[in-house]
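Data block below; observations after.
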Amino acid sequence: MALPPTAGRRTPGGRVPHDVTAAVAVTDEQRRLVAMATSLLLDYPDEAEVLGLLDTVDAQLPLLPGAIADQLASFTRHARDLGARGLTEHYVETFDQKRRCSLFLSYYTAGDTRQRGTAILAFRQALEQLGFEELTDELPDHLTVILEAIARSEGRVHEETVELLAAHRDGIEVLRSALQNLGSPYSHVVVAVAMAMPEIDEDTANSYIDLIRSGPPAEMVGINATLPFPSAQPDLL
């Protein structure tokens with residue numbers, strides 16, 4: 001899947017030196033809609049409900065910018081081709097069994113180190129300060145949790161919740177790259193997330209490049225050369 005070209009593009013912080021996902025102009029309402037749709041799509045699929053969810057997402061696509069709608073439509077089309085059982089199996093193989101991709105954002109900043117627990121706690125405290133407490137059963141650094149918070153927020157809280165996710169844009173880009181390397185349709189969902197975020201700055205783009213080259217902090221497990229780096233699910237907190 002080709003992404004919008006970004007190499008050499010100027011941003012307020014300087015020149016983006018790598019091919020990261022280009023931002024798309026969205027209103028706050030459109031961003032909330034993207035956040036809720038992608039939060040639901042990145043959650044573990046319920047076989048009895050997932051096809052209905054795909055229909056619901058498709059019905060909202062005309063309200064979104066074309067580039068984002070196209071990404072989500074690509075996912076829903078592939079998901080229907082897989083079927084409810086096939087999509088569930090693919091989700092488990094992608095995010096659980098293979099442990100090559102992580103939806104836990106703290107992994108990209110702390111890796112499998114002793115700092116992981118502190119990073120997860122920081123997410124919990126940030127969400128509590130914004131007025132969100134235990135949105136789901138997932139850990140607070142799970143991408144779906146932050147997306148749901150964005151979807152449910154307005155005004156200043158919305159801006160600050162978007163900033164919380166944007167601060168981890170490097171990890172989102174690495175996740176996107178890993179999913180593309182796997183040929184997973186979930187890459188379309190993560191691209192949609194990135195498109196609805198603020199324009200990436202030079203420092204964050206460079207952090208993404210460093211993660212691709214070196215991986216997260218030490219104590220990584222199960223290196224796999226076909227992906228930017230392997231992921232392991234957190235066992236902290």
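Every number in this text was worked out from the coordinates using simple rules, so none of it is lab data. Quick caveat: nothing in here was measured; it's all calculated off a predicted structure. Reconstructed Cβ throughout: ideal geometry from the backbone, glycine too, with neighbour counts over all protein chains shown.
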Toward the positive end of the charge dipole of the stretch 24-213, about the Cα centre and with charges on Cβ (Lys, Arg +1; Asp, Glu -1), which of Leu63, Ile150, Gly183 goes farthest? Gly183
Net charge of Cβ neighbours under 13 Å - reference His158; Lys, Arg +1; Asp, Glu -1: -3
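How do the peptides 81-87, 181-187 rank, highest first, by the average count of neighbouring beta carbon atoms within 10 Å per residue?
Top of the packing list down: 181-187, 81-87.
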What whole number of Å gives the distance from the Cα centroid of the stretch 124-184 to the Cα centroid of the stretch 49-101? 18
What does the C-alpha gyration tensor say about the overall shape of the stretch 35-188? Classify as rounded when a/c is under 1.5, otherwise prolate if a/b is larger than b/c, or oblate. oblate
Would you please put 153-163, 194-204 in order of how densely packed they are, using the mean number of other Cβ atoms within 10 angstrom per residue and starting with the highest? 194-204, 153-163
